[in-house]
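What follows is calculated from the coordinates using simple rules that are stated; it is not laboratory data. This one's a predicted model, so the numbers in the text were calculated from it and none came from an experiment. Note: ideal-geometry Cβ built from the backbone for every residue, glycine included; neighbour counts use all protein chains shown.
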Amino acid sequence: MESTPNRPAPAPAPPCTLVIFGATGDMTGRLLMPALYNLARVGALDPAFRVIGIGRRELDDAAFRDGLTASMDDVVASRGAAAPQFDPQAWQWLMQRASYLAGDFKDGQTYGSLDKRLAGAQGGVIFYLSTDPDFFLPIARQLHDAGMFKQSSGRWRRLVVEKPFGRDLASARELNRQLAKAVNESQIFRIDHFLGKETVQNILVSRFANSVFENSWNRLFIDHVQITAAEALGLERRSSFYEQTGALRDMVPNHLFQLLAMVAMEPPNAFEADAVRTEKEKLLEAIRLQTPAEALIHSVRGQYRAGTVGGKAMRGYLEEEGVAPDSRTETYVALKLCIDNWRWAGVPFYLRTGKALARRQTQIVIAFKDAGHALFCEAEHCKPPANTLVLQIQPDEGLFFHMQAKVPGSKLGTAPVSMDFRYRDHFPPSHSSGYETLIYDCMVGDATLFQRAADIELGWKAVQPFQQAWAEGGDIHPYRAGSQGPAAADDLLARDGRAWLSLE
Ligand code: BG6
């Protein structure tokens, strides 16, 4: 098969300044700066581009840049041999444009200093909230009070809000309501980095550019859908965040629901912001709202115990630094959801995500209905297994169709085989995290891959019954680090006569 050329480098984004609040945090060094480096490397940033980091730590520009360089070194070291060679010139280019401002996020003086710093900047400004969520609103209010959201021709202002956006439906609604008082909705870019992943965007291309899939993408042909975001990593020094958040809040109403929406939404009228987001909202709105009693039956919570992941010993969640010894925070969750619309009536969607599992695996399994009649064997019980289509988000990005083929020979026997499309066989490795696409889109003002206020609220609304059910009780099932998750999650599907695709 012919290999498809890589897509051309994007045109340079318009001149702008990226102001990162929380710039000394892990995220800036591990994700945002590597993404900016990737953009710089392909010439997607304007020569007038600037990045200003704001944090509470007292640092000068040189110390800030040194910290960023050390993080970048770690990122580069963690990449495999297939990674494109590090380009020191592109990094240097970026570092020449990086500066730091020490300040308290709740102090008006910080914004006075920032305003002065921005005085000579060309073009637009993106204010990126990469802080503890408690600071989202105070920062937005301060920016508003300092008049920093005001726009005029060629002088645009945008606000990027990270997750978690609220803790539940009520707090997300309130945050949306309060943000709306400080900044215009068209200036707010609610980010979910899963949407920046190539493979997540490819879900829509697979579905809507290939009629063979779309024609069978409904309840007549599909038995059920599995959405998995399994991680091998444990807590990674994030105990204060994770203890408050847990697997459900951290992953489900945002990342997993984005995957759900991409796989189940109706085709948008056009691939542009409002059309795509309207269809996504309709899908999220169609998720059946369960009663807390139903939610308890249709969910499993787990917490990892000591075990071995990838050959390395991992301690249990309760032994992690900063975790309460009697913590009831879940590190694993599995849910069964139903979508009440014409396309999906009667097709269950099983979602699962967890830390410290057997391996990193983010995938969507479309399990088709079986062949109906055992044509190649006399006994009904030897009907061939049903086809499955696996949309592999990461790692080993691709699309795999599992089917049956005749075993060569005079006897008519069947065997499972797979038709595989792997990104790496057709496109050069990109090592992007998803942030590149989203930061670039924000710079050019394309909101297609960002969330409107309603998307966020609909996500929380659908998980609310689970939050309520768990607040009232229910078990937390232990599972061994390095395993497939709690046995109770297998039972969730076994009750319906189904099984998860193994993480191995
Ligand atoms: C983040 C979560 O949003 O997504 C983390 O807070 C999680 O807990 C991460 O590890 C997963 O993202 P990715 O891109 O590594 O799959």
**Item:** Rotationally averaged projected area of segment 143-299 (alpha carbon convex hull; nm²)
**Value:** 13.2 nm²
**Antiparallel bridges, percent of DSSP beta bridges restricted to the chain (to nearest 5)** = 55 percent
**Request:** Mind jotting down the distance between the C-alpha centroids of segment 410-456 and segment 143-174, whole Å?
**Result:** 28 Å
**Prompt:** Residue by residue, what Karplus-based ³J(HN,Hα) values in Hz, rounded to whole numbers, does segment 275-283 have, using 6.51, -1.76 and 1.60 with θ = phi - 60° and x for Gly and Pro?
**Reply:** 5, 5, 6, 5, 5, 5, 4, 4, 5
**Prompt:** Can you list the lysines whose alpha carbon is less than 21 Å from that of LYS355, not counting same-chain residues fewer than 8 positions off?
**Reply:** LYS163, LYS197, LYS312, LYS336
**Item:** Spread of Cα-to-Cα distances over 10 Å intervals beginning at zero, given as percent, for segment 162-202
**Value:** 26, 43, 26, 5
**Request:** Mind pulling up the Rg/Rh value for segment 203-242? Radius of gyration and Kirkwood radius, both on Cα.
**Result:** 1.30
**Fill in**
With the 8 Å Cα cutoff and a minimum separation of six or more residues, the chain has a relative contact order in percent of 18 percent
**Message:** Quick check on the chain: helices-only [θ] at 222 nm, where DSSP H runs of length 4 and up contribute -39,500 (n - 2.57) each and the sum goes over total residues. Nearest 500, please.
**Reply:** -10000 deg cm²/dmol
**Asked** In segment 265-312, what GluC sites (Glu not before Pro) fall in a loop by DSSP, with at most 12 other Cβ atoms inside 10 Å?
**Response** GLU272
**Fill in**
The rounded separation in angstrom of the Cα centers of segment 109-136 and segment 235-288 is 28 Å
**Prompt:** Using unit Cβ charges (K, R positive; D, E negative) and no other charged atoms, how large, in debye to the nearest 20, is the dipole of the chain about its Cα centre?
**Reply:** 280 debye
**Prompt:** What residues have an amide H closer than 5 Å to that of ALA98, excluding those fewer than 5 places away on the same chain, when H is modeled at 1.01 Å from N in the peptide plane?
**Reply:** VAL51
**Asked** Once amide H atoms are placed 1.01 Å from N in the peptide plane, what residues at a sequence separation of 5 or more from VAL160, or on another chain, have their amide H within under 5 Å of its amide H?
**Response** PHE127, TYR128, LEU129, PHE189
**Fill in**
For VAL309, the residues 5 or more places away or on another chain with a placed amide H closer than 5 Å to its own amide H are MET314
**Message:** Among DSSP bridges having both ends in segment 16-162, what percentage is antiparallel? Round to the nearest 5.
**Reply:** 5 percent
**Prompt:** So which trypsin sites (Lys or Arg not before Pro) in segment 64-112 are both in a DSSP loop and have at most 16 other Cβ atoms within 10 Å of their Cβ?
**Reply:** ARG79, LYS106
**Request:** Give the span of the chain's Cα atoms along each principal axis, as three whole-Å numbers ordered largest to smallest.
**Result:** 81, 56, 47
**Complete:** Between PHE213 and LEU375, Cβ-based FRET efficiency (R0 25 Å, step 0.05) works out to 0.55
**Complete:** Ratio for segment 277-319, C-alpha Rg to 2.2 N^0.38 Å, reads 1.98
**Message:** Given an 8 Å cut-off on Cα distances and at least 6 residues of separation, report the relative contact order of segment 16-162 as a percent.
**Reply:** 33 percent
**Item:** D (Stokes-Einstein, µm²/s), Kirkwood Cα radius, segment 16-162, 1.567 mPa s at 4 °C
**Value:** 82 µm²/s
**Using θ = phi - 60° and Karplus 6.51 cos²θ - 1.76 cosθ + 1.60, couplings along segment 476-482 (whole Hz; Gly, Pro as x)** = 10, 8, x, 9, 6, 4, x
